[in-house]
Amino acid sequence: MPMETSKTVVVFGETGVGKSSVINTCYSVAIKGHTYNLHDTIGLGEDSTGTMGNSKAIVNLYNLLTLLSKNGGVHLLVFVVRSGRLKETMKKNYDLFYKGFCETKIPIVVVVTGCEGESNDMDQWWGRNRQFFEKAGMTFRGHACVCAFKGRLGKHGYVNKDLVEQSRELVKDLIVRHRKADGWKKPPAPWLTQVWYFFLNLFKGGLPWDSIETYLNLLSSGISHVEAFNIMKAMK
């Protein structure tokens, strides 16, 4: 019997778009001999309220990169967006993770939530809106238009129950089909510096942080004084 292997999927997107629902679809579930571990990136440029974070964003980022470096790297990026108009922050998030985080070396797919309003097929949304993503320079290996919320409880159960079940299968299939066979990674400290500079360039210095607070937070995350000092030195 073949040994089960683990695949790491990084899920990103703005707060409130349904990332948790996507993650719950197949978190730590074995599919065709592989366990898929999905990681939510809340904290990378956001705090718990969804606004631009402070120095804790650096710590969260470092911890994620350290985890990925120790566990086989990244096999797939999943960008979760909510149906509606394309926003500037979507493009920035895409660039940050696909170009800054993984240097375009990892496949990226998009999951569009809130598509339950389509009359016949949820995938109709992508047919109408794909062009806007492509014009903005956002291309994907694959996509899934889904319903992430069960909706209100009716006489026969939740109104969106069937669509949610269908969506789970769509997301699973999307991940299995497009994940990279071998994970990609870099040493955490230079990886963090690379992503952080990319972040600052995207947001034009819109993330105020205090270097002393950042240094102390890095230490509290469990890394050594030498590592913390080198990270701070690289970011000056």
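The values are calculated or read from the model by the stated rules, or taken from the named source; none is laboratory data. Note that the structure is predicted; figures quoted are calculated from it, not measured. Backbone-built Cβ (ideal geometry, glycine too); neighbour counts: all protein chains shown.
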**Message:** Checking the structure you have, find out if any residue of the range 208-227 is more than 14 Å from Leu61 (Cβ to Cβ), in contact with a helix residue (DSSP H, G or I) (Cβ under 8 Å, 6 or more places away or on another chain), part of a helix (DSSP H, G or I) and at pLDDT 75 or above.
**Reply:** no
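Does the range 174-205 hold any residues that are of a type in the set (Val, Ile, Thr) and surrounded by fewer than 18 Cβ atoms within 10 Å (Cβ to Cβ), and which are they?
From the range 174-205, those of a type in the set (Val, Ile, Thr) are 175-176, 193, 195; that's our starting set.
Result: Val176, Thr193.
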**Item:** Entirely in the range 5-122, the helices (runs of 4 or more DSSP H) that have 3 or more residues that are surrounded by 21 or more Cβ atoms within 10 Å (Cβ to Cβ), at pLDDT below 90 and under 15 Å from the mean Cα position of the chain (by Cα)
**Value:** 19-26, 56-70
**Message:** For the range 123-161, which positions are modelled with pLDDT of 90 or more, surrounded by 15 or more Cβ atoms within 10 Å (Cβ to Cβ) and among the charged types (D, E, K, R)?
**Reply:** Asp123, Arg130, Arg141
